[in-house]
Amino acid sequence: MKKAGHRIKQRIFDNVKEFYKAYHWIDSTKKRIEHIPYAGRVFDENELIALVDSSLDFWLSAGRYMSKFESNLEKFLGVNFVTFVNSGSSANLLAMSSLTSSKLTDRRLKSGDEVITTASCFPTTLAPVIQNNLVPVFIDVDLGNYNIQVEKIEKAISSKTKALFVAHTLGNPADMSLICRLAKKYKLWLIEDNCDALGSKYKGKRTGSFGDISTLSFYPAHHITTGEGGAVVTNDKVLNRIIRSFRDWGRDCWCESGYDDSCKKRFNFKFGKLPFGYDHKYVYSHIGYNLKATDMQAAIGVAQLKKLPDFIDRRKDNFAILYNGLKAYGKSLILPTWEKEADPAWFCFPITVREGAGFKREELTLFLEKSGIQTRLIFAGNILRQPAFMNIKHRVVGGLFNTDIVMKNSFFIGVYPGIADKEMNYIIKKFDIFFKERQ
Ligand SMILES: Cc1ncc(COP(=O)(O)O)c(C=O)c1O
């Protein structure tokens with residue numbers, strides 16, 4: 001870049017910094033408690049500067065920030081390949097679709113193959129199973145933990161079962177020891193929906209690094225944000241090539257955006273019934289999509305990733321404040337539980353109102369909402385009771401008793417890094433008032 005360009009850029013960055021201070025910055029010590037969202041963006045001038053820097057490049061599609069974001073995430077997770085995409089839902093779609101690739105020969109997923117998962121889930125964990133003509137097999141979840149009941153997995157495996165699609169619900173790692181052992185024993189693909197759990201660990205290893213493929217979401221509610229955004233993660237070179245092919249229109253070519261002939265054989269291949277030498281850039285080995293994200297989103301991600309260790313600590317601290325403050329109400333509320341080997345980077349604080357508590361979930365959530373404390377339900381509840389999913393082809397093994405309780409009695413509140421200590425204490429005070437009124 002010319003010298004003058006550098007100078008102007010620096011001036012723009014200085015202005016952006018000033019703008020951040022004037023427009024976005026809030027003195028948290030003077031902030032009044034009015035509304036405590038369950039999640040939100042946490043950023044400073046660094047995210048704005050990265051975004052502006054990338055927009056001044058005007059490269060727009062995958063560029064220098066994309067490679068940096070992907071390789072920084074690879075390092076953080078301890079994995080070989082990260083592919084940045086435009087959402088966590090797209091990441092799940094790519095994870096499932098890529099396993100149908102003919103490049104996987106006899107291990108490819110075929111129409112009618114079964115995938116074991118849970119009905120207490122986010123809709124786009126399940127949707128790609130159905131979109132790929134696969135049959136979900138549902139297992140119940142544990143209350144408090146909200147993860148798949150691992151002891152029932154083996155019973156659910158049939159000759160058609162080919163994959164396990166397991167979410168680390170709300171940041172809480174599933175029992176990866178047993179799940180990995182079963183996946184290995186029965187030669188099942190293992191996919192982790194890690195969208196809510198970036199930074200969580202199981203036996204000291206990051207969730208999202210256990211499965212054949214895992215996924216992330218960077219929607220603002222999650223541990224880091226790129227606005228919209230997600231990622232597909234794998235250690236396997238072949239799977240990575242397939243994932244990128246499905247992401248990039250189904251093309252066979254693996255050149256990065258703006259590059260040609262990385263393989264040095266661009267006009268020397270023979271594919272399908274195409275004439276020899278048909279330009280590799282226009283050869284399609286999969287029926288794919290375009291699910292790419294932009295370099296501007298990646299630029300925000302690079303800045304956010306630097307904050308991730310602090311974000312994780314803050315989430316854990318906020319979780320601990322709530323846990324200690326609400327322990328007294330264990331007779332009425334099921335508080336979160338986690339595996340002995342799990343070190344969760346909590347997405348939120350889940351609560352289930354016990355049957356016989358003497359009040360309904362709605363009484364409590366309405367009270368909290370009126371007090372300015374935002375609440376959310378645990379996603380789809382029992383997804384088989386949702387209008388779009390009522391009539392899907394599926395199997396249930398062992399009943400969905402707890403899944404229905406989650407639908408009726410569970411909800412969550414926030415622990416995200418934007419919530420300060422005094423707000424956490426305010427939340428506990430409100431719970432105290434709620435329970436005092438019912439004594
Ligand atoms: C467990 C889980 N999977 C997938 C998604 C989808 O992610 P996105 O909103 O980025 O599409 C979400 C969204 O919050 C989620 O919680």
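The values are calculated or read from the model by the stated rules, or taken from the named source; none is laboratory data. Note that the coordinates shown come from a computational prediction; the quantities given were computed from them, not determined experimentally. Because the Cβ atoms are built from the backbone with ideal geometry, glycine has one as well, and the counts that use them run over all protein chains shown.
In this structure, does G88 turn out to be out of contact with any Leu (no Cβ under 6 Å at 6 or more places or on another chain), surrounded by fewer than 24 Cβ atoms within 10 Å (Cβ to Cβ) and among the small types (G, A, S)?
Details: out of contact with any Leu (no Cβ under 6 Å at 6 or more places or on another chain): yes; surrounded by fewer than 24 Cβ atoms within 10 Å (Cβ to Cβ): no; among the small types (G, A, S): yes.
Spelling it out, it is not the case that G88 is out of contact with any Leu (no Cβ under 6 Å at 6 or more places or on another chain), surrounded by fewer than 24 Cβ atoms within 10 Å (Cβ to Cβ) and among the small types (G, A, S).
Going by the structure shown, is S97 surrounded by 20 or more Cβ atoms within 10 Å (Cβ to Cβ), assigned by TED's automatic domain parsing to the domain that holds K152, in a helix (DSSP H, G or I) and more than 12 Å from the ligand (Cβ to nearest atom)? Talk me through it step by step, then tell me what you get.
On the way: surrounded by 20 or more Cβ atoms within 10 Å (Cβ to Cβ): yes; assigned by TED's automatic domain parsing to the domain that holds K152: yes; in a helix (DSSP H, G or I): yes; more than 12 Å from the ligand (Cβ to nearest atom): yes.
So S97 fits the description; yes.
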Just a yes or no: is a residue in region 48-57 within 20 Å of D295 (Cα to Cα) and within 16 Å of the ligand (Cβ to nearest atom)?
no
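In a helix (DSSP H, G or I), in contact with an Asp or Glu (Cβ under 8 Å, 6 or more places away or on another chain) and not hydrophobic (A, V, I, L, M, F, W, C): does that describe S177?
Details: in a helix (DSSP H, G or I): yes; in contact with an Asp or Glu (Cβ under 8 Å, 6 or more places away or on another chain): yes; not hydrophobic (A, V, I, L, M, F, W, C): yes.
It is true that S177 is in a helix (DSSP H, G or I), in contact with an Asp or Glu (Cβ under 8 Å, 6 or more places away or on another chain) and not hydrophobic (A, V, I, L, M, F, W, C).
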Extreme residue, nearest to L333 (Cα to Cα), among residues of region 362-409 that are basic (K, R) and not in a helix (DSSP H, G or I):
R376
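Sort out which residues of region 397-429 are among the basic types (K, R) and under 24 Å from F379 (Cα atoms), and write them in order of number.
Passing the criteria: only K408.
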Given the conditions (1) buried (at least 21 other Cβ atoms within 10 Å of the Cβ); (2) within 16 Å of the ligand (Cβ to nearest atom), which single one is not true for N290?
(1)
Single unsatisfied condition, K281 versus (1) outside any helix (DSSP H, G or I); (2) more than 25 Å from the chain's Cα centre (by Cα); (3) surrounded by fewer than 14 Cβ atoms within 10 Å (Cβ to Cβ)
(1)
Given the options V129, V79, V137, name the one that is closer than 29 Å to K408 by Cβ and away from the ligand (no atom under 16 Å from the Cβ).
V137
Whichever residue in region 307-342 is surrounded by fewer than 16 Cβ atoms within 10 Å (Cβ to Cβ) and among the polar types (S, T, N, Q) and, among such residues, is farthest from T169 (Cα to Cα):
N324
Restricting region 107-148 to residues that are among the small types (G, A, S) and part of a loop (DSSP other than H, G, I, E, B), which is farthest from K393 (Cα to Cα)?
G144
